[in-house]
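Bear in mind these aren't lab numbers, they're just calculated from the coordinates by the rules spelled out. Note that this is a predicted model, so its numbers are computed, not measured. Positions of Cβ are generated from backbone atoms using ideal geometry, with glycine treated the same way; all protein chains shown enter the neighbour counts.
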Amino acid sequence: MGGSSDRNHSFNFDHSYWSFDGKDAHFANQQQVYNELGVEMLDHAFEGYNVCIFAYGQTGSGKSYTMMGKPSDPTEAGIIPRLCKNLFERIDGISDSKCTVEIYCERVKDLLNPNSSSNLRVREHPSLGPYVDDLTKLAVLNYQEILHLMDEGNKARTVAYTNMNSTSSRSHAVFTIVLTQKEEDGNSGLSGEKVAKISLVDLAGSERANSTGAEGQRLKEGANINKSLTTLGLVISKLAEESGKKGKSKGGKGVIPYRDSVLTWLLRENLGGNSKTAMVAALSPANINFDETLSTLRYADRAKQIMCQAVINEDPNAKLIRELKEEVLRLRKQLEEKGVVAYSQESSVPIPKYSAKDHQLIDELNAAEKLMKQMNETWEEKLRRTEDLRKKREEELRDMGLATSEHGNALGVFSPRLPHLVNLNEDPLMSECLLYYLNEGDTRVGRVDASNRPDIILSGDAILPIHCVFRHEDGAVELEPMKGARVYVNGQQISTSQLLHTGNRVILGDHHVFRYTDPLEAKMSRHNLASLQEQPLDWKFAQQELLEEQGIDLNEEMQKKLKRKG
């Protein structure tokens, strides 16, 4: 490739894909990428190896599209949904092995457990390595259950970021599947297990503040993202240097700074340990992104030099349970010799005053007992716990006025008969995944701290305790704002009651954007709506409409910003 200085740069990789224009003869679609990358990794997982695929690149280069894509669209689904589907297709075809699958999402907050704290603790075990304490592991039986959990996690993520007045995800995402194959020898009667961990990672985009226009909180988030990516780059460089030293010299082993970032600590085994790992470098074809593209290619070139030492993970559970039992006995003996009584952090009993070392021993004992309990948990118990958590999630969604799986579990799969609101978001993956029904009578919208709890719960400084009321009478819905409430319909602020029609854009406060739909009205005037919708009624349309109604010219504002930067 060439740059502004007409200097050529050469890079060698295992695969190279062009996915900018679908009309090109050499266009690579999602299926081709999965066939050449995902299938091989899934083969290794069934052999018993840990595998990892992670996507890296600047913001907007297509990392999330490559990894997740659109799960509900067979042609545009990414590596994660295709791998999950292929996984269960293979399981159905296996007769000699009984396979169980556990799935959990690793994020700043556990998205699959409504009772989880927002800051999970990262621990390290001598055998298991780094892991997230109290991270939910849920049992699944088929591909549809995985899709349902991904949808539930995305709903929780959307609610979380809406409540923080953010419009898109600013974090790294690690999607992990634990594949356990149980094999029984008919002659000896002995059974064995192969346990493989499949880690699918979508990193946050690397970005420059001056090119994104980030300010305030968004600038701080970008700085934290770039810090973790810088640490990841440093770890990859150190590992590449260590791989190059092998067989050349007998110098001492360098220190790899895994602990400098939670991201690199959690991915330690995938980066330079027991794992078969593939990296997807997502690039932008735009000339203005030349420097970022060159940086990404150099990043990937260093990663390619790393040599991982992957081994087949055969029957680790029995050994781990035995080691955990020994560790529990050892810790209990140490505490008994000191006359210290162990306690649990979850207990309501006041914590006794012990030395810092004793508290540390008790903490280690509780962690070991918790791990041992998880590993001894039967498949039936996991299924029961999964069902209990599902009910709790749906109960929380109902309390917020959201639709749950009683009415259907994914937008587009079912057709609500009641008038409803769907959320609109700057991030397409977080848009149209929250649905609020407007039942007969009054549906009140407000904050959770209102004296009379509203039917739909929203948050934010611009949301009043009771912000507005949707009045559903005689087959029509009117929106009535409360005094002083910021309520916009189709970009215009309203202060009195207004009748809503299908396709109307509703903005409440500063950050809550919705599209109103009345299925009966939409059915009667489908041809009229089709002629009006020259462009999709999405978040971008609603924001442009709002600015235009306020007399703000977007092109003029962009020109002013460009002049200031120049």
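For R7, put the label point 7 Å out on the Cα→Cβ axis and report which residues of segment 259-292 keep their amide N under 13 Å from it. Zone members listed by number: 291.
When the pairs K137/K373; K85/K370; K276/K382; K325/K373; K276/K370 are compared against a 20 Å limit on Cα-Cα distance, K85/K370; K276/K382; K276/K370 fall above it. For V445, the shell of other residues with beta-carbons less than 13 Å away shows a net charge of +2, using +1 for Lys and Arg and -1 for Asp and Glu.
Where does the charge balance sit around L331 when Lys and Arg score +1, Asp and Glu -1, over other residues with C-beta under 14 Å from its C-beta? Spelling it out: positives minus negatives among the neighbours equals -2. Ranked by the mean number of other Cβ atoms within 10 Å of their residues, highest first, the peptides 65-74, 368-377 come out as 65-74, 368-377. Residues in segment 542-548 carry Karplus couplings, in order, of 5, 5, 4, 4, 4, 5, 5 Hz; the curve used is 6.51 cos²θ - 1.76 cosθ + 1.60 with θ = phi - 60°, and Gly or Pro positions show x.
Taking label points 7 Å from Cα along the Cα-to-Cβ direction, V39 and M375 give a separation of 3.7 nm. Residues in segment 120-126 carry Karplus couplings, in order, of 6, 8, 9, 10, 10, 10, x Hz; the curve used is 6.51 cos²θ - 1.76 cosθ + 1.60 with θ = phi - 60°, and Gly or Pro positions show x. Packing around the peptides 286-293, 193-200, taken as the average count of other Cβ atoms within 10 Å per residue, puts them in this order, highest first: 193-200, 286-293. When each of the peptides 265-274, 426-435, 19-28 is scored by the mean number of other C-beta atoms lying within 10 Å of its residues, the order from highest to lowest reads 265-274, 426-435, 19-28. Each residue, Q544 and D291, gets one label point 7 Å from its Cα in the Cβ direction; the gap between the two is 3.0 nm.
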